[in-house]
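Chemist: Please find one structure pasted underneath; my questions will follow.
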Amino acid sequence: MSAAGMRCPACGSTNIVDDDLYSQAQLVCVDCGSVVSEGVLANDPVGGSDVSFSRTTAVAKRPCANLIKGQQRVKAICRILMVNREIEDLSHTYYKMAYEHKAFLKVSLQKKDILTGCCVLVSCRQLNWPITVGTISCLLDADSMVVGAIYQEMVKNLSIEAPIINVTDVIGAHCHEYKISSLDVPEELAENSRELTKRAVALVELAADSWIVTGRKPIPIMMAATYLAWQSLKPNKHRLKFSLDKFCQVAKVKKLKSAMTRVAEIKEVLCKLGKEIPWVRETVTPDNVIQLVECILQNRYALLRRAMRTHEDALLEESQASCAEAPPESSSQISECADQTPITSFVKQNGSNSDGKEKPGDVDYNPRVLPEHSGTQESQNPPQNWGKRVLFAPPCVIHAKKRRAEQPEHTDVTGDEEISDSEIDSYIRTPQEARDFALMQQMLSLSDSAKS
């Protein structure tokens with residue numbers, strides 16, 4: 001656009017145009033290229049003249065390569081777990097927040113990789129899609145302890161409220177990991193996933209009632225319950241001869257070392273309850289108790305009460321027999337001898353009514369309630385490992401670790417005591433010892449010089 005009425009002072013040409021390429025407009029002579037007049041910022045529009053983004057030197061900010069790789073990892077984990085779109089979007093959001101957080105800026109690539117699984121884990125728990133840390137650890141091929149520590153750190157730094165799940169909430173998802181449908185295994189080994197989950201949940205609840213779950217990792221317990229549920233649904237010869245190792249190979253899952261111990265513990269509880277079934281005449285052993293699992297689970301609470309009563313009567317007879325061998329001096333000691341067992345003392349405190357007419361067999365026993373010790377001399381000197389005298393007790397009580405005995409402190413030793421002359425003489429070398437020591441030093445130096 002030419003400016004009318006203006007002339008170039010250099011060449012006298014009137015061919016002058018406005019050059020608004022930049023933010024400040026200028027009048028330029030077309031013939032000689034001289035600047036006739038520079039624009040004033042005060043006369044320009046607010047913010048300068050409009051310049052397109054493509055004509056500037058700005059560069060689009062691209063995400064980091066590790067961030068892109070982490071987002072792809074989150075997407076892959078979500079697709080493996082077959083979660084819905086909402087959980088996947090929430091996982092991407094949490095991973096971006098964690099990646100840009102100052103606590104995770106200068107960390108190793110391995111920790112950032114584990115961070116992807118932690119974001120998926122917390123998203124699933126918030127949206128009621130229960131999975132375990134063990135599942136995420138298996139997908140990431142990482143240690144579950146490391147995954148748990150990073151998960152706790154992420155939840156704390158991002159201020160996320162993650163709900164705590166129970167074993168029975170995740171056992172359904174755990175059973176789906178076992179490839180034992182009719183499409184994967186022969187018909188005599190195939191099992192419906194819904195029936196398997198229902199039976200496994202009942203076994204886990206029984207294990208919780210008998211203190212097996214207390215203080216234990218959930219994955220081995222769920223694996224043991226799934227294995228026993230699979231055997232008990234169709235206890236034929238094909239399934240009963242399958243060991244846990246072979247079952248895990250057929251189901252295409254990785255066997256855990258402690259799962260076999262959990263299987264033995266659950267079988268032990270089943271045997272204790274199976275012995276109380278009135279119509280069972282044969283001896284109940286871990287080999288044949290699988291055939292009684294359905295009956296035991298249907299009458300679980302009644303069998304628990306019956307087993308507790310039987311165990312209490314056996315302890316009472318044992319205490320009375322021990323008192324009969326050693327005759328007491330008075331009749332008061334007879335009553336004290338009958339109350340020596342922790343179960344009977346617990347029944348007296350909680351089970352009897354004010355009239356004292358209620359029988360021990362009418363008490364509603366709860367194996368989760370521990371016996372309380374009175375404030376007598378018995379509580380001051382408790383028996384060694386009382387858990388072995390109770391039918392059901394926590395594992396930390398049954399397999400109690402030996403505590404280190406406390407050494408008495410020597411209050412009479414202060415460090416300022418005088419050292420006797422005879423003790424000082426014992427620390428000083430004799431002339432013969434000094435010569436032997438010097439000779440040994442000389443021999444060592446000669447051997448070192450010969451080697452060099």
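Chemist: For the range 232-305, what D do you get in µm² per second when you plug the Kirkwood radius from alpha-carbon pairs into Stokes-Einstein at 20 °C and 1.002 mPa s?
Modeler: For these conditions, the coefficient is 159 µm²/s.
Chemist: Whole angstrom only: what separates the Cα centroid of the range 155-190 from the Cα centroid of the range 69-89?
Modeler: Between the Cα centres of the range 155-190 and the range 69-89 lies a distance of 17 Å.
Chemist: Additional query: Just add up the charged neighbours of residue 91: K/R +1, D/E -1, any other residue whose Cβ is under 12 Å from the Cβ of residue 91.
Modeler: Around residue 91, the surrounding residues sum to +3.
Chemist: In addition: If you roll a 1.4 Å probe over the range 62-149 with all protein chains in place, what percent of the accessible area is carbon or sulfur?
Modeler: Accessible surface attributable to carbon and sulfur in the range 62-149 totals 56 percent.
Chemist: Right, here's the next one. May I ask you to give the solvent-accessible area per residue for the range 91-197, in square angstrom, as obtained with a 1.4 angstrom probe?
Modeler: Averaged over the residues of the range 91-197, the accessible area is 52 Å².
Chemist: What lysines does residue 272 reach when the alpha-carbon gap must be under 16 Å and sequence neighbours fewer than 8 apart in one chain are set aside?
Modeler: Qualifying lysines at Cα under 16 Å: 388.
Chemist: Need one word for the range 284-326: rounded, prolate or oblate. Basis is the Cα gyration tensor (sqrt eigenvalues a ≥ b ≥ c); a/c below 1.5 gives rounded, then a/b vs b/c decides.
Modeler: It is oblate, given that a/c is not under 1.5 and a/b is not larger than b/c.
Chemist: Would you please classify the overall shape of the range 96-153 from the alpha carbon gyration tensor, given that a ≥ b ≥ c denote the square roots of the eigenvalues, rounded means a/c under 1.5, and beyond that prolate means a/b larger than b/c while oblate covers the rest?
Modeler: Oblate, because a/c is 1.5 or more while a/b does not exceed b/c.
Chemist: If you put +1 on each Lys and Arg Cβ and -1 on each Asp and Glu Cβ, how big is the dipole of the range 97-237 around its Cα centre, in Debye rounded to 20?
Modeler: 280 debye
Chemist: Leaving out ligands and nucleic acids, and using a 1.4 Å probe, what accessible area per residue does the range 244-305 come to in Å²?
Modeler: That works out to 58 Å² for each residue.
Chemist: Taking the range 120-199, which trypsin sites (Lys or Arg not before Pro) meet the DSSP loop condition and have no more than 14 other C-beta atoms within 10 Å? Write out the running numbers ahead of the final one.
Modeler: Details: sites: 125, 156, 179, 194, 198, 199; in loops: 179.
Filter output for the range 120-199: 179.
Chemist: I would also like to ask the following. Taking all protein chains as present, what is the carbon and sulfur share of the accessible area of the range 174-280, in % to the nearest whole number, probe 1.4 Å?
Modeler: On the way: 2780 of 5160 Å².
Carbon plus sulfur share of accessible area: 54 percent.
Chemist: Return the ratio Rg/(2.2 N^0.38 Å) for the range 115-253, where Rg is computed over Cα atoms only. Mind dumping the intermediate values first?
Modeler: On the way: Rg = 16.4 Å, N = 139, 2.2 N^0.38 = 14.3 Å.
It is 1.14.
Chemist: Give the accessible area for residue 79 in Å² (nearest 10); use a 1.4 Å probe, count only protein heavy atoms, and leave out ligands, DNA and RNA.
Modeler: For residue 79, the solvent-accessible surface is approximately 130 Å².
The values are calculated or read from the model by the stated rules, or taken from the named source; none is laboratory data. Fair warning: this is a prediction, and the values are worked out from it, not measured in the lab. Positions of Cβ are generated from backbone atoms using ideal geometry, with glycine treated the same way; all protein chains shown enter the neighbour counts. Side chains included, ligands, DNA and RNA excluded: accessible areas come from the protein's heavy atoms. Shrake-Rupley method; radii C 1.70, N 1.55, O 1.52, S 1.80 Å.
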